[in-house]
Amino acid sequence: MYRLLRPALFRLPPESAHDLATSALRLAATTPPGRTVLGAGVPADPRLAVDAFGIGFPSPVGLAAGFDKGGRAIHGLAALGFGHVEIGTVTAHPQPGNPRPRLFRLPADRALINRMGFNNPGAEAVAARLARTPPGPILGINLGKSRVTPLEEAAADYAASVRALAPFARYLVVNVSSPNTPGLRTLQDPAPLREILGSVQEAARAATAGTGAPPPVLLKIAPDLADADVETVAGVAAESGVAGIIAVNTTISREGLRTPAQRLETIGAGGVSGAPLALRAREVLRVLRGATGGRLPLVSVGGIDSAEEAWLRLEAGASLVQVYTALIYRGPGLVGEMLRGILARMEREGHASLAEVTGTAGA
Ligand SMILES: Cc1cc2nc3c(=O)[nH]c(=O)nc-3n(C[C@H](O)[C@H](O)[C@H](O)COP(=O)(O)O)c2cc1C
């Protein structure tokens, strides 16, 4: 079905195609036949369940941040089979993001380049929308720094978003790894990182006091850190009491792309996602696994486009995986296909649960 639809969608500017797909998902989820269509071929099997950072996930495959920045289509996305949906990045202040065009397809590389720049309606508006939304999938909320906030005031800016959004989040993500907000990635340095992680966790405790345990806080890191810096960041995260690490965000590297250099130059700045990211995402996962020794749950993202690639990440130490770009190239049926493939492999290899698979590579 998507094979028929894709050429039409790919004739639209990428951001228009994205907005159209989001609206379609949102609309389809409002009717029972719509939900049936979205969920066709999605297995619901208890063997796919994963326990990570105190949350029982129905499946290991989630939607990565950036697809649904404002939490507009969480029910439609859940119907596609995602075991969790990470919305955001949300910032404390509403912001329009960078001027368009800011999203580009690289079909020869099965990749995208984006410099969206955290376009989002702001933490208060997203909280108001979530308050009106019936309960749905396991919701992660990814938080970033507002562009207008100076880097030195980042901790307070993140905390303001936490105050608005913690009550709606099953987990929170501190995003210090987008390449599209000036200076953001310097917040991965140990001193600012410690301050932000402390302040976010404190704000999460305060925002949920009296209503239960605060949502666990995860950290999302960039693929462009050197391996030694990945180890340092993992150490800071562990000391700061973070519940897990999500690796990786998009890369500023243009290495190894098939897309002609001239086209890349015309596109300009932005982060690359999709197939070209797979190799580095695997490496970062391996470095994190080595640095944390399996004590900190890891979420792998970057170039995952099949059950085989997801399995590889699980074996390499990921508890969960996330997908974004492959959804654009392979279509919404990808999620069910991945889950069926994972189940088939569990059966072939005689695993009763995914806990038996995570971290077995090199063990
Ligand atoms: C258009 C677009 C927007 C994104 N926006 C965000 C974002 O707001 N916050 C974030 O943490 N990651 C964002 N990402 C990064 C993805 O969450 C993911 O880390 C990255 O794309 C690698 O996964 P993939 O290869 O499956 O796409 C974005 C990615 C794309 C393609």
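Laboratory data are not the source of any read-out in this text; all were calculated from the coordinates shown. Owing to the predicted nature of the structure, the values given are computational and were not obtained by experimental measurement. Don't worry about glycine lacking a Cβ; one is built from the backbone with ideal geometry, like all the others, and counts go over all protein chains shown.
Here are the numbers for the structure shown:
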| item | result |
| --- | --- |
| Long-range neighbours under 8 Å by Cβ, at least six apart or interchain, first residue under 10 Å from Val272 (Cα atoms) and of a type in the set (Gly, Ala, Ser) within region 91-120, second within 9 Å of the ligand (Cβ to nearest atom) and part of a strand (DSSP E or B) | Ala111/Val272; Ala111/Ser273; Ala111/Gly274 |
| When residues of region 277-304 are limited to those that are within 11 Å of the ligand (Cβ to nearest atom) and in a helix (DSSP H, G or I), the one nearest to Val335 (Cα to Cα) | Ala278 |
| Conditions (1) on the phi > 0 side of the Ramachandran plot; (2) within 15 Å of the ligand (Cβ to nearest atom); (3) surrounded by fewer than 21 Cβ atoms within 10 Å (Cβ to Cβ); (4) touching a residue at least 40 places away in the same chain (Cβ under 8 Å): number failed by Gly88 | (3) |
| Boolean, Val321 is within 13 Å of the ligand (Cβ to nearest atom) and touching a Pro at 6+ places or on another chain (Cβ under 8 Å) | yes |
| Selection count where residues are surrounded by fewer than 18 Cβ atoms within 10 Å (Cβ to Cβ), within 16 Å of the ligand (Cβ to nearest atom) and of a type outside the set (D, E, K, R), scope region 234-263 | 3 |
| Region 25-56: number of residues that are of a type in the set (A, V, I, L, M), within 21 Å of the chain's Cα centre (by Cα) and not in a loop (DSSP other than H, G, I, E, B) | 6 |
| When residues of region 57-70 are limited to those that are under 21 Å from Gly333 (Cα atoms), of a type outside the set (Ser, Thr, Tyr) and outside any strand (DSSP E or B), the one farthest from the ligand (Cβ to nearest atom) | Pro58 |
| Total residues in region 332-342, condition more than 19 Å from Leu5 (Cβ to Cβ) and buried (at least 18 other Cβ atoms within 10 Å of the Cβ) | 3 |
